[in-house]
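Remarks on the structure that follows.
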Amino acid sequence: MKNPIVTVAIVIVVAIIAFFVGRHTCVYKPQKTNFPGAEKHEVTLSDAVKYVQNFRKSNPTAKIHGGSFQRGILDKILAQSDCDGIRYYYAQLEDSSSTLVLVGITANSTDMTKGAVAEMSKPCPPWCDAMSELQ
């Protein structure tokens, strides 16, 4: 991966999505999907720590280690009718900093661009958990 900020952001976004989907108050009924990437995404904490450390060793000058999205936007995306997941796109802001754009996807892997779309993650640093094993 050429852009270290995006790589770390991906790891964090996937962890956040897995966390919120697991906490969702509704009973989640997996749909039969027709797109690659529908397999289990969960990893162990030790693997996640290893992946983050690998990234940091490979990209020692990276200033941003990740980012976060608030639950509200993730819920808004996932609550859309026929939404079966979230896709991310690498993006670049006007100031040349990297970010991710999130969009809901259907079971047929179609972007739900008429619905909620997210960006504006809170970068880490400065919004980090200093006590996290992933730091």
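The values are calculated or read from the model by the stated rules, or taken from the named source; none is laboratory data. The shown structure was predicted, so the numbers you read here are calculated from the model rather than taken from an experiment. Glycine also receives a Cβ, built like all others from the backbone with ideal geometry; neighbour counts cover every protein chain displayed.
Things worth noting here:
- Leading residue by the ranking (surrounded by the most Cβ atoms within 10 Å (Cβ to Cβ)) among those in the range 104-135 that are among the polar types (S, T, N, Q) and at pLDDT below 85: SER121
- Some residue of the range 120-127 being of a type in the set (S, T, N, Q), under 15 Å from ILE10 (Cα atoms) and under 17 Å from the mean Cα position of the chain (by Cα): yes
- Filtered residues of the range 28-50 (kept if crowded, with 16+ Cβ neighbours inside 10 Å and either at pLDDT 85 or above or in contact with a Ser or Thr (Cβ under 8 Å, 6 or more places away or on another chain) (or both)): THR33, ALA48
- Enumeration of residues in the range 76-103 that are more than 15 Å from ILE10 (Cα to Cα) and either surrounded by 13 or more Cβ atoms within 10 Å (Cβ to Cβ) or among the aliphatic types (A, V, I, L, M) (or both): LYS76, ILE77, LEU78, ALA79, GLN80, ASP82, CYS83, ASP84, LEU93
- Subset of the range 73-103 (residues that are part of a helix (DSSP H, G or I) and farther than 23 Å from PRO125 by Cβ): ASP75, LYS76, ILE77, LEU78
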